[in-house]
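I have placed the structure first, in the form of structure tokens, so that the comments after it can refer back to it.
The values are calculated or read from the model by the stated rules, or taken from the named source; none is laboratory data. The model shown is predicted, which means the values in this text are computed figures rather than measured ones. Methodologically, a virtual Cβ is constructed for each residue, glycine included, from the backbone with ideal geometry; neighbour enumeration extends over all protein chains shown. When the accessible area is computed, the model is the full protein with side chains, heavy atoms only, and any ligands, DNA or RNA have been set aside. Shrake-Rupley method; radii C 1.70, N 1.55, O 1.52, S 1.80 Å.
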Amino acid sequence: MATSQDPHSPRADATPGRPALSLTSCALLFALLTWQVVAEGPLRAADERAGRALVGSRIPGRAAEFLADLGNITVAVPVLAAVIAYVSWHLRRGGTFRWWLPGLAAAVTMACVPALVAPLKSLITRPGPPGMTGEGGFYPSGHAATALVAYGAAALLLLPLLHAAYGRRELVIGCALLNVAIGFGLVRQGYHWPLDVVASWLLSAMLLQGMVLVVARLSRSTRRSSSRTPGC
């Protein structure tokens, strides 16, 4: 008896070493940025100069505010929930074994954002840009992390459903540009310093890579179990 192929598993095993290398790189860069922020190093000074310059730029504030709002939980999370529902329905209709696995992994990854960002904010207590109230808690950016994990996880769920390489490339590029625009809006409106956003991207990239690795590993174990089942 043949089992249906899981569209979320194929390319994940092709280069198993690369995600681990990327995880290490992201972790090291995140540690470097955090050290510079906490120690008030030269990178933090340059970061704050760049942030003030962007806030004072002539780029329209309404457009920047709209972009920043795309990182709100009330916007990003419903988008991810809709994609999870659609992909799960598509996989179940196609008879995919463990059709619920990619969506569950995406939901758990999204739940990890506040569980990681909130303690880091409390621990680092970096003050925000001029005009922001509160004594600290701006590093890393919760909005930037929410946006990248929500839209990034949605893109990862949709990628295996796209048959054309062109469509996959456009989806990845569009997701990247969207998150860059959201990060820019957060800095332009004076909600965060640039390094707050960059640190969130690194943290979110680690979460997304962890999601991919977990789904790939469970999918491989499912295929191995299926191949050993008598009569298959």
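Helix check for the chain. Which DSSP H runs span at least 27 Å along their own axis by Cα, with a mean Kyte-Doolittle hydropathy no less than -1.0? Those that clear 27 Å and a mean of -1.0 are 17-38, 73-93, 101-124, 165-188, 194-228.
Split the accessible area of the stretch 96-232 by element, probe 1.4 Å, and carbon with sulfur accounts for 70%. Take each peptide in 58-65, 136-143, 71-78, 196-203, count the other Cβ atoms within 10 Å of every residue, and average; sorted highest first, the result is 196-203, 136-143, 71-78, 58-65.
Given R₀ = 22 Å, what would the calculated FRET efficiency be for L159 paired with T24, taking r from the Cβ atoms and rounding to 0.05? With R0 = 22 Å, the Cβ-Cβ based efficiency is 0.40. Between the amide H of F138 and those of R126, distances stay under 5 Å, these residues lying 5 or more places away or on another chain, with hydrogens modeled in the peptide plane. In summary, the chain shows an alpha-carbon radius of gyration equal to 1.13 times the 2.2 N^0.38 Å reference for compact globular proteins. Put a dot 7 Å past the Cα of H90, heading toward its Cβ, do the same for L213, and the two dots end up 2.6 nm apart. When only alpha carbons are used to place a centre, the stretch 191-214 and the stretch 37-108 end up 9 Å from one another. Accessible area per residue for the stretch 44-141 is 57 Å², calculated with a 1.4 Å probe on protein heavy atoms, without ligands, DNA or RNA. Ordered by solvent-accessible area of protein heavy atoms (1.4 Å probe), largest first, the residues E135, E48 come out as E135, E48.
Based on the Cβ-Cβ distance of S57 and L123, what FRET efficiency does E = 1/(1 + (r/R0)^6) give at R0 = 22 Å, to the nearest 0.05? The calculated FRET efficiency here is 0.10.
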